[in-house]
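Engineer: Below is a structure I'd like to ask you about.
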Amino acid sequence: MQLTPTTGAVVTLRDAPGKHVGRVIQHTKDSTTTVKVSWPQARSRQWHSIEDLEGAFQPGHHVIHVPDGLTQTSLGLGVVISQREVAGYRQYLVDFQEADTRRWIPWQHLRLVPDVPESLAISRFEQKYALAPERLRLRILAWALKLWNENTGSLSQFDINPLPHQIQLVHHLLQQSYNINWLIADDVGLGKTIELGLLLAALRQRGRAKRVLLITPAGLTGQWKDAMKGKFGIDDFRIYGRDFEINDDPREWKMYDAVIASMDRLKHENHRDLIMQADPWDMIVVDEAHRLTRQESGNRYHHSQRYQLLRTLRRKTDSLVLLTATPHQGRDDSFRGLLELLQLDEPSALS
């Protein structure tokens with residue numbers, strides 16, 4: 001029995017295989033034996049008997065399984081691996097990653113999914129191809145990984161599963177000027193740690209982040225060190241006050257190019273004076289940056305010790321990255337203070 005090809009199936013003519021390749025775009029209402037095919041090369045749309053058509057998918061094509069009837073469940077999104085002929089009918093071996101299986105599928109039950117850049121309007125993409133959110137994420141991630149590899153290098157050495165928005169953010173930052181001064185305010189759970197790790201790995205590959213100071217809450221110093229090493233292979237971070245101490249000789253800082261330090265340790269005058277004796281940093285990163293509070297009262301400003309610490313350290317770097325899921329917290333004065341820290345030239349409001 002001849003199967004009816006689904007809309008979106010890639011086809012060629014049996015009597016001229018490969019000469020023209022088109023897509024099924026329409027079925028007749030009263031017949032299952034003819035379909036309308038769009039032929040891009042010929043710039044035409046014609047009705048054909050399904051007996052005159054053959055599948056024309058290629059290895060590497062991304063496809064969606066469209067089962068026949070209501071009783072079968074779709075295997076979802078997959079990648080074409082190879083093809084075969086069975087009793088004169090063409091089938092394709094498809095790797096369905098979500099279903100964790102490989103199956104031989106008749107070509108009539110496969111719909112082509114174009115490359116993501118052709119359909120990056122997400123709502124339109126999802127509506128057109130009826131993709132569940134996870135399938136859509138995987139398609140966009142494939143495009144994002146391609147973008148990363150083209151601009152930065154392979155992700156194979158990283159023990160992470162990055163999301164498209166994370167790769168896109170890092171890619172955007174890398175296109176900026178040499179100095180990077182950004183407030184990254186992704187919500188909780190959206191992966192600011194991964195974003196920073198990707199950024200540092202990319203900058204290091206370009207020779208732009210040899211000396212990095214990462215300032216975190218006291219309880220997160222070890223977690224950050226483990227994440228940088230375990231997920232990104234950045235194993236030279238040392239925790240100030242746990243892995244090493246600095247005595248009165250500032251030359252000791254030259255031994256440590258990647259430092260993690262507690263903001264509440266550094267805010268004290270003796271430690272702040274010591275860190276200011278270190279050489280300039282290629283980048284300073286502050287996690288939980290909303291803890292850097294500044295209050296305004298008329299024309300007067302009250303800086304917390306943490307804020308004063310960053311105000312002082314700002315002179316030691318041209319690149320500052322602030323990480324926080326709650327940058328505003330309902331306080332305009334503290335939010336403005338964070339934005340002013342990102343300015344390379346110390347603003348008059350801080351004078």
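Engineer: Check residue 4 against each of (1) in contact with a Lys or Arg (Cβ under 8 Å, 6 or more places away or on another chain); (2) crowded, with 16+ Cβ neighbours inside 10 Å and name the one condition it does not meet.
Structural biologist: Unmet for residue 4, out of (1) in contact with a Lys or Arg (Cβ under 8 Å, 6 or more places away or on another chain); (2) crowded, with 16+ Cβ neighbours inside 10 Å: (1).
Engineer: Within segment 228-235, is there a residue that is touching a strand residue (DSSP E or B) at 6+ places or on another chain (Cβ under 7 Å), of a type in the set (D, E, K, R) and outside any strand (DSSP E or B)?
Structural biologist: No: zero hits.
Engineer: Take the conditions in contact with a Gly (Cβ under 6 Å, 6 or more places away or on another chain), at pLDDT below 90 and crowded, with 16+ Cβ neighbours inside 10 Å and apply them to residue 265. Does it pass?
Structural biologist: Here the answer is no, as residue 265 does not meet what is asked.
Results for (1) at positive phi; (2) at pLDDT 90 or above; (3) hydrophobic (A, V, I, L, M, F, W, C); (4) crowded, with 18+ Cβ neighbours inside 10 Å, shown as yes or no for each residue.
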residue: 8; (1), (2), (3), (4): yes, no, no, yes
residue: 16; (1), (2), (3), (4): no, no, yes, no
residue: 19; (1), (2), (3), (4): no, no, no, no
residue: 56; (1), (2), (3), (4): no, yes, yes, yes
residue: 63; (1), (2), (3), (4): no, no, yes, yes
residue: 66; (1), (2), (3), (4): no, no, yes, yes
residue: 78; (1), (2), (3), (4): no, no, no, yes
residue: 84; (1), (2), (3), (4): no, yes, no, no
residue: 98; (1), (2), (3), (4): no, no, no, no
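Engineer: Now, a different point. Among the residues of segment 72-86, are any in a loop (DSSP other than H, G, I, E, B), of a type in the set (A, V, I, L, M, F, W, C) and over 26 Å from the mean Cα position of the chain (by Cα)?
Structural biologist: No: segment 72-86 contains no residue that is in a loop (DSSP other than H, G, I, E, B), of a type in the set (A, V, I, L, M, F, W, C) and over 26 Å from the mean Cα position of the chain (by Cα).
Engineer: When you check residue 275 against the structure, is it closer than 24 Å to residue 308 by Cβ, within 32 Å of the chain's Cα centre (by Cα) and of a type in the set (Val, Ile, Thr), yes or no?
Structural biologist: It is false that residue 275 is closer than 24 Å to residue 308 by Cβ, within 32 Å of the chain's Cα centre (by Cα) and of a type in the set (Val, Ile, Thr).
Engineer: Checking residue 193 against (1) more than 23 Å from residue 277 (Cα to Cα); (2) part of a loop (DSSP other than H, G, I, E, B); (3) of a type in the set (S, T, N, Q), which test does it fail?
Structural biologist: Every condition holds for residue 193 apart from (2).
Engineer: Which count do you get for residues in segment 307-316 that are among the hydroxyl-bearing types (Ser, Thr, Tyr) and crowded, with 21+ Cβ neighbours inside 10 Å?
Structural biologist: Residues flagged as among the hydroxyl-bearing types (Ser, Thr, Tyr) and crowded, with 21+ Cβ neighbours inside 10 Å within segment 307-316 amount to 1.
Engineer: Any idea which of 90, 124, 139, 135 is modelled with pLDDT of 80 or more, on the phi < 0 side of the Ramachandran plot and not in a loop (DSSP other than H, G, I, E, B)?
Structural biologist: None of the other options fit; the residue is 90.
The values are calculated or read from the model by the stated rules, or taken from the named source; none is laboratory data. Small disclaimer: the values here were computed from a predicted structure and weren't measured. Note that we place each Cβ from the backbone using ideal geometry, even for glycine, and neighbour counts take in every protein chain shown.
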